[in-house]
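Here is the structure we will look at, set down as structure tokens.
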Amino acid sequence: MPRGKRSRPLGNEFRKFQPKLRMFANCDSKVNALRAEHAAAVAMTETSQAAKNVPIMRGDDAVPLKRGELGKTRVGRLKSTPSDVLASVFIETLDASVKGRGRFPGQRAQKGNLITARVPLSQLKKIAADENVLHVELGDPLTDPNPVVLADKVSEPPRLRFKDAANLPDGEGALIGIIDVQGFDFSHPDFLDANGKTRFVRIWDQGATKGSSRPHPKSPPGTTQFDYGAEFRQEHLNAAIANSPRLGLPPYELERQTQMVPGSHATHVASIAAGNRGVAPKAMIAGVLVSLPPGDLDIRRSFYDSTRIADAVDYLIGLARELSEKRRKPVPLSINVSLGTNGHAHDGSSAVSRWIDSAMSVPGRCICVAAGNAGQEAAQFEGDSGWVMGRIHTSGQIPARGLVKDIEWIVVGNGLMDLSENELEIWYSPQDRFAVQVRPPDSDEWIGPIEPREFIENRQLRDGSFLSIYNELYHPSNGANYISIYLAPLLSEQGIVGIPAGRWTVRLIGDEVRDGRYHGWIERDDSRPLGRVGPKEAWRFPSFFSTASNVDDSSVSSLACGNRVISVANLDEPFERINVTSSQGPTRDNRNKPDTAAPGTNIVAAKGFAGPKDLWVKMTGTSMASPFVAGVAALMLAAEPKLTAAQIEGIIVRTARPLPGGGFNWHNGAGFGRIDPAACIAEAKLIHERKDRTGRR
Amino acid sequence: MKLTVFQSDKGDCMLLEGGDGRRVLVDGGMRESYSEHVAPALGKLRAKGAAIDVVYVSHIDQDHISGVLQMMDDEVDWRVHDYQVKHGNPKHKKPGAPRPPKVKHIWHNAFHEQLKRNAGEVGDMLAASAAILSGSDVGEVRGLASSQADLVTSIAEAIQLSRRVSPDQLGIKLNHPAGGRLMMVRDPPGAPVKLGGMRLHVIGPFEEDLAELRKQWNEWLRDNKERLKKIQATADDEAGTFSVREIDDLLLPKLGQAKELEALLPLDSKPVKKLGARKKVTVPNLASLMFLVEERGKTLLLTGDGHHKDILKGLAHVGKLDAAGGIHVNVLKVQHHGSEHNLDLPFCQKVTADHYVFCGNGEHENPDLDVIQAIADSRIGKPNQLSSNAQAGNPFKFWFNSSRAVTPKKEAKAHMTKVTNLVNKLAAKSGGRLKSHFIEAGPSFVIKV
């Protein structure tokens, strides 16, 4: 790993880049090969030698470095940014009318003035030199969905699983698009029609490699947007169902997705929205499987960042258009995303949020997003550790110039080794100027202060790990000031040093205070054991705020903070209350997210890939609540195909029923209350109703 | 009979062929070792149009079962490939592995069959306790955590295998000699399973042992459910106030909790010097399915990871021990990779062989040096150590399916070097009676009897 200070091939172009991207670019291929194992928006090229040769440094033989050995790891000056490392980015341009394939290296798609691209780090300089480029940011990492899977044995749910379903329409004619992970069990009985054929019209598996299954989908003319993964068409899926008995293999083995997890999340979610026992039992279903690759080496070569969501949304829109043409009548589209992102400003200004806003500006489309399961800040019962996921937000106010606020940021350790890159972003008003200091655990030395427009990059700490701090003014997308702090492990070929465990203290110093308020979010890593490094268990572990610093609101996933998304909280229906794990609003810019609540606790729905004797499973999470609303939106769109996403949101908000004890005002846990499907549909049907009263006196 | 013994990482994988060409694949080793060393040989069999009559999985541990799972997956890959090419996808990539031969039967006592309804809960509990233990500062406890974690993997693989062979998938007949139920010793012993000219006598596990094991698991489950909850709860209580020390508590039970931790283990974790301590053998190992195979007066003993007491009990039950309680076989697959817990000197004196086969590549210090020494002592040792079997004075051979040259890990190499040195020393003083063979290159060796 380069010692940051001396080696910075990517320098003056700084202002156009998200700091993290710059930090990545100023490390060599070997470091990035290791980073690509956990960084969603970084991947190595197919031909990269580093991806092949840099060993996975884990296992009993792996050696954590001792302090005295650090010297071995320092490599010299980095001369150029690596060409075998790809970053998945959004490029924001000044002029949306400037189009054309190949304007930027690795360009994939364009929406308005936003362009997605997979860029070799070595090309970043060239992009920055382009006068039309305003800003380049990495795709935000997608977080694993983390619903609670309940072990109880469950039997087949009743056909009318939802109380008022008997009186509701069936969603015939609408398309429900599910963007999710772990695979779609298209041959599960909950998705078969009366003739035994699947109701899935299409599945795009973004993770498939060439030749491993079906070819990739066709991209829109002039782009390469969908030139990856595999597309399964309805005729493939039905042929697999027909041939399955003869070949002695289940249909999903004949048309293989890259993820086919027993008890799959995607299958469960699809079943709630559109299963035969779900909300919209006659809707067509399309699935987009976001890649979460299984092996370390695969992870090095793949992306699972928010550009994938942008592609998925566009793909589903294209599919709805194709189906409309085929059927000669409009096929409206209701999308569900039970995944989240934690990065960025939580104000709908992230690139993917703006991409979605733009896509949803056309009538006949709608998108629901799970609010997230980060609502819990303390243990609820014996053995409960869900709170770890809940302490991701801090906020406060520096009262006056010269005063300070300390934020306690806890990294877990001792025997465990945290190999993730922990990241904290603090956003504050452009009126103010804050300086920042950081104190590592078990140290009495402060690093900094770093003043606005200053930074340190990849500074190696005494224990060998790395610290970067950027204090930036006027973010291009929302004008706010922000401070980014990154803790990175030492990933050298000679050995590994995890991030020092314990309490990191971040001190904000009021240089100039007019407003003084700030919000901070931890870019959440999902906890995942990575295996052993010598005697220590290595983890990708979520860091979190101490009780003193954690502020129990505004924990809604940043993807669910978008302007044109319907953000859904988890209702514990029998108890008529919001589940404690459900994330709370509002957004950083004080908008009312979540919008509504829907049943998401102890939900029985299809269990995928588990064999014909094990068909149902119970899960809890906003992941289960969001598809309920997506199903209702599909019913509304089937009744009134020209509704806009904004109108659907408006109707849901208007008809929502407050929970016991609540009023019609917005609540940070329940939004405007629980969704009322029948009222939504009734209201949707009235959308064009007008009475001309001009003549009446 | 012809026994081909493959390199199989730290596990077992052998192909037994009878005089009339009937074939039994004995365990599959690890996935990677199967693909590298076994799949090509089996692919050649398929090319010749040959089939495998029985795949026999001795028990669920990963180093025995995962290779078999890989073999099933390879077969599935080929079926899928053929299907895809036929159904409009000519560019579908050919599977990388050769297609295995047709498998007619599988013998495998699935974990969830042995445990009945509590299998899922035991699996969950093991996973939970492994997660807690893995954070310990005590090496011993961490070792046990990783063996629990391995067991969790094994249980999952056993379930996968059951699904793969089930009637709605590959439809391979399971445990046909037992009518599809668990394979075990019957009382009185049933007729041996006939496979062409081969006769296979089941010598383990006994029904009462399986019942005992089930009882142990259930007791472990009952005793530790509360304990596990308590450990987590203590940690969480303290987490409420939150200091760094308390986070440690949450994830890492302290040394003071070591007693509690030990109770979480289904095994006795105290170090034992003595050879053959049955208490130290894991529950799945004790449930190993074991056979005495006979053909035209030749004999072969397949022992999985079983314990010597159970082997002797089984041999006695099927009436194969002589008046002095001994038996001489042509081939003994030394149980449990030659681990010190599964064999003692009296066993070596009772059970002698022309060929001793050791499956193990030096990981976990297997084959154990004391075990090799004990076997040698029973043949060329001091007068009071010698076996009284009539054939004990014959020449004999030690076969190893690995060597310092081919085993990959550093510590395992060091151990295999010790093994080689010991075997050379023993051979030198055996007066030419002890010969040895290590796999220095290539996938396998063959023993013909």
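The values are calculated or read from the model by the stated rules, or taken from the named source; none is laboratory data. Everything quoted here is computed from the prediction, not taken from an experiment. Note that each Cβ is placed from the backbone with ideal geometry, even for glycine, and that neighbours are counted across all protein chains shown.
For this structure, a couple of remarks:
For (1) over 30 Å from B:N366 (Cβ atoms); (2) modelled with pLDDT under 65, each residue gets a yes or a no:
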| position | (1), (2) |
| --- | --- |
| B:P167 | yes, no |
| B:R186 | yes, no |
| B:K194 | yes, no |
| B:Q216 | no, no |
| B:G240 | yes, yes |
| B:V244 | yes, yes |
| B:D248 | yes, yes |
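- The residues on offer are B:L315, B:L332, and the sole one that is touching a residue at least 12 places away in the same chain (Cβ under 8 Å), under 26 Å from B:N175 (Cα atoms) and assigned to a strand (DSSP E or B) is B:L332.
- Qualifying residues in the stretch B:56-66 (those that are in contact with a helix residue (DSSP H, G or I) (Cβ under 6 Å, 6 or more places away or on another chain) and outside any loop (DSSP other than H, G, I, E, B)) - the one nearest to B:A287 (Cα to Cα): B:V57
- In summary, A:A194 fulfils each of the numbered conditions (1) more than 14 Å from chain B (Cβ to nearest Cβ); (2) touching a residue at least 12 places away in the same chain (Cβ under 8 Å); (3) aliphatic (A, V, I, L, M) with the single exception of condition (2).
- Qualifying residue in the stretch B:95-105 (condition: out of contact with any Pro (no Cβ under 8 Å at 6 or more places or on another chain), more than 14 Å from chain A (Cβ to nearest Cβ) and farther than 21 Å from A:L247 by Cα): no
- The stretch A:456-469: number of residues that are within 21 Å of A:G510 (Cβ to Cβ) and modelled with pLDDT under 85: 0
- In the stretch B:167-210, residue farthest from B:R23 (Cα to Cα) [restricted to those that are crowded, with 17+ Cβ neighbours inside 10 Å and within 14 Å of chain A (Cβ to nearest Cβ)]: B:Q169
- Restricting the stretch A:441-455 to residues that are outside any strand (DSSP E or B) and either out of contact with any Phe, Trp or Tyr (no Cβ under 8 Å at 6 or more places or on another chain) or over 18 Å from A:I483 (Cβ atoms) (or both), the residue that is modelled with the lowest pLDDT: A:D442
- Odd one out for A:N276, checked against (1) within 26 Å of the chain's Cα centre (by Cα); (2) within 13 Å of A:F200 (Cα to Cα); (3) more than 14 Å from chain B (Cβ to nearest Cβ): (1)
- Among residues of the stretch B:400-429, those that are crowded, with 17+ Cβ neighbours inside 10 Å, in a loop (DSSP other than H, G, I, E, B) and of a type in the set (G, A, S), counted: 2
- Candidate set from the stretch B:65-92 (those that are loosely packed, with under 15 Cβ neighbours inside 10 Å and among the basic types (K, R)); member that is farthest from the other protein chains (Cβ to nearest Cβ): B:K86
- Selection within the stretch A:383-440: residues that are more than 15 Å from A:V551 (Cα to Cα) and among the hydroxyl-bearing types (S, T, Y). The member of this set that is modelled with the lowest pLDDT is A:S385.
- Given (1) of a type in the set (D, E); (2) under 25 Å from A:V136 (Cβ atoms); (3) modelled with pLDDT under 90, number of the condition A:E472 does not satisfy: (3)
- A:G171 vs. criteria modelled with pLDDT of 90 or more, among the small types (G, A, S) and not in a loop (DSSP other than H, G, I, E, B): no
- B:Q7 vs. criteria in contact (Cβ under 8 Å) with a residue 40 or more places away in the chain and among the polar types (S, T, N, Q): yes
- Elements of type strands (runs of 3 or more DSSP E) in the stretch A:564-683, at least 1 residues being within 21 Å of A:A174 (Cβ to Cβ) and over 22 Å from the mean Cα position of the chain (by Cα): A:603-606
- Restricting the stretch A:226-249 to residues that are under 16 Å from A:F184 (Cα atoms), touching a helix residue (DSSP H, G or I) at 6+ places or on another chain (Cβ under 8 Å) and surrounded by 22 or more Cβ atoms within 10 Å (Cβ to Cβ), the residue that is nearest to the other protein chains (Cβ to nearest Cβ): A:A240
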